[in-house]
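The values are calculated or read from the model by the stated rules, or taken from the named source; none is laboratory data. This structure is a prediction, so every number in the text was calculated from the model and none was measured. As a convention, Cβ positions derive from the backbone with ideal geometry for all residues, glycine included, and neighbour counts pool all protein chains shown. Surface areas here come from the heavy atoms of the whole protein model, side chains and all, with no ligands, DNA or RNA. Shrake-Rupley method; radii C 1.70, N 1.55, O 1.52, S 1.80 Å.
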Amino acid sequence: MTKPENRQALRTESTRARLLEVARGLFAERGFAGVPAEELVARAGLTRGALYHHFGGKEGLFAALYEQMQQELTEQINARAEGALDPWSALKLGCQAFLEACTDRAVQQIVLLDAPAVLSWERWREVNSQYGLGSLKDGLQAAMQAGFLEPQPLDALAHLLEGAMNEAAMWIARSPDPKTALQQAHKALDGLLEGLRH
């Protein structure tokens with residue numbers, strides 16, 4: 001028989017997961033500002049009290065969703081890079097996977113467009129750096145150690161490349177034709193990376 005504390009933990013997790021799921025769909029469709037808290041809880045079949053208890057409000061729910069999506073993005077990128085034959089191919093595949101993820105409507109609206117405004121630029125950068133930047137630095141370091149890149153200051157290179165890819169991602173997200181924008185960004189990224197290659 002399940003202990004009462006275990007049942008409570010399962011209910012808590014289920015409630016949080018339901019709110020995050022509903023929020024992802026609504027925020028992706030209409031943006032943060034276009035979704036009232038009342039609609040969020042009604043669609044989730046919960047009360048406003050549940051939203052405030054678990055997330056402190058709509059902004060807290062958005063922050064948790066943004067962090068969840070950043071973690072998922074990092075996992076997708078790392079999974080794509082793991083199939084590479086060498087560190088250089090892994091770096092390229094990871095960078096390409098990030099840009100490809102930016103054609104997803106939920107990533108565009110939540111991660112790229114709304115998050116910097118809703119969370120503040122500083123918080124957006126903090127979470128982005130915690131997930132994406134760390135993975136990028138690992139990839140660059142592995143490429144340097146394997147001799148594909150000239151040894152150089154890792155932090156500076158990682159921030160420069162991350163900045164370029166974030167700008168490309170924003171450009172793709174705002175493009176009227178994201179698929180064409182992605183193709184062009186891939187080509188430009190390949191040229192940029194080849195220019196860095198030893």
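Say R0 is 30 Å: what FRET efficiency, to the nearest 0.05, do A188 and E150 get from their beta-carbon distance? Provide the component values of the computation, followed by the final result.
Details: r = 21 Å, r/R0 = 0.70.
It comes to 0.90.
Kindly sort H54, H198 by accessible area of their heavy atoms, largest first, with the probe set to 1.4 Å.
Sorted by accessible area, descending: H198, H54.
May I ask you to derive the relative contact order of the range 78-145, considering only C-alpha pairs under 8 Å and at least 6 residues apart, and to give it as an integer percent? Provide the component values of the computation, followed by the final result.
On the way: 31 pairs, mean separation 23.3, N = 68.
With pairs under 8 Å counted, the relative contact order is 34 percent.
Which ³J(HN,Hα) values in Hz, rounded to whole numbers, follow from the phi angles of the range 60-69 under the Karplus curve 6.51 cos²θ - 1.76 cosθ + 1.60, where θ = phi - 60° and Gly and Pro get x?
x, 5, 4, 4, 5, 5, 4, 5, 4, 5
Could you work out the relative contact order of the chain? I mean the mean sequence separation of Cα pairs under 8 Å and 6+ apart, divided by the number of residues, in percent. If you can, show how the numbers build up before the last one.
On the way: 177 pairs, mean separation 41.3, N = 198.
Normalised by residue count, the contact order of the chain is 21 percent.
Quick one: putting +1 on the C-beta of Lys and Arg, -1 on the C-beta of Asp and Glu, what dipole do you get for the chain around its Cα centre, in Debye to the nearest 20? Spell out each step's value before the answer.
Details: 20 positive and 25 negative charges, 139 e Å.
The dipole magnitude comes to about 660 debye.
Kindly write out, for the range 127-142 in residue order, the coupling ³J(HN,Hα) from the Karplus curve 6.51 cos²θ - 1.76 cosθ + 1.60 (θ = phi - 60°), rounded to whole Hz, with x marking Gly and Pro.
5, 4, 5, 4, 9, x, 5, x, 5, 5, 4, 4, x, 5, 5, 5
To the nearest 0.05, how large is the calculated FRET efficiency for R30 and L10 if R₀ is 35 Å and r is the Cβ-Cβ distance? Don't skip to the end; give the middle numbers.
Numbers: r = 31 Å, r/R0 = 0.88.
Calculated transfer efficiency: 0.70.
Which one, L26, W124, H186, projects farthest toward the positive side of the charge dipole computed for the chain from Cβ point charges (K/R +1, D/E -1)?
It is L26, whose Cα lies furthest towards the positive end.
Considering only protein heavy atoms and a 1.4 Å probe, what is the carbon-and-sulfur percentage of the accessible area of the chain? Before the final figure, lay out the partial values.
Details: 5580 of 10330 Å².
Result for the chain: 54 percent of the exposed heavy-atom area is carbon or sulfur.
Over the Cα atoms of the range 107-198, each weighted equally, I'd like the Debye log10 I(q)/I(0) at q = 0.16 Å⁻¹, rounded to two decimals.
-0.74
From the mean inverse distance of alpha carbon pairs (Kirkwood) and the Cα radius of gyration, derive Rg over Rh for the chain. Present the calculation step by step, with values, prior to reporting the outcome.
On the way: Rg = 19.2 Å, Rh = 18.3 Å.
Answer for the chain: 1.05.
Per Stokes-Einstein, at 4 °C and 1.567 mPa s, what whole-number D in µm² s⁻¹ belongs to the range 100-145, with the Kirkwood radius over Cα pairs as the hydrodynamic radius?
On the way: Rh = 11.8 Å.
The calculation lands on 110 µm²/s.
Across the range 156-164, in residue order, what do the Karplus-derived ³J(HN,Hα) couplings come to in whole Hz, using 6.51 cos²θ - 1.76 cosθ + 1.60 with θ = phi - 60° and x for Gly and Pro?
4, 5, 4, 5, 5, 5, 4, x, 4
What size of dipole, in debye to the nearest 20, comes out for the range 82-198 about its Cα centre when the only charges are +1 on Lys and Arg C-beta atoms and -1 on Asp and Glu C-beta atoms?
Values: 9 positive and 15 negative charges, 44 e Å.
About 220 debye.
Between A42 and L196, what length in nm is gained on full extension when 0.36 nm per residue of separation is reduced by their alpha carbon distance? Kindly include the intermediate steps, with their values, before the conclusion.
On the way: separation 154, 0.36 × 154 = 55.44 nm, distance 5.14 nm.
The A42-L196 span can extend by a further 50.3 nm.
Under a Cβ-only charge scheme (Lys and Arg +1, Asp and Glu -1), can you give me the dipole magnitude of the range 37-108 about the Cα centre, in debye to the nearest 20? Walk me through the intermediate numbers first.
On the way: 6 positive and 10 negative charges, 36 e Å.
Value, rounded to 20: 180 debye.
Collect residues whose amide H, placed 1.01 Å from N in the peptide plane, falls under 5 Å from the amide H of L149; neighbours closer than 5 in sequence don't count.
M144, H198
Taking R0 as 22 Å, what's the FRET efficiency between Q130 and A97 from their Cβ-Cβ distance, rounded to 0.05? Can you show the working numbers first?
On the way: r = 18 Å, r/R0 = 0.83.
For R0 = 22 Å, the calculated efficiency reads 0.75.
Classify the range 1-106 from the C-alpha gyration tensor, please: rounded if a/c falls under 1.5, else prolate or oblate depending on whether a/b exceeds b/c.
Oblate, since a/c reaches 1.5 and b/c is not below a/b.
Taking every alpha carbon pair in the range 57-124, what does the distance histogram look like in 10 angstrom bins from 0, in percent?
The percentages, shortest bin first, are 21, 44, 25, 9, 1.
Let me have the relative contact order for the range 17-133, percent, based on Cα pairs under 8 Å that are six or more residues apart.
Values: 103 pairs, mean separation 36.4, N = 117.
So the answer I get is 31 percent.
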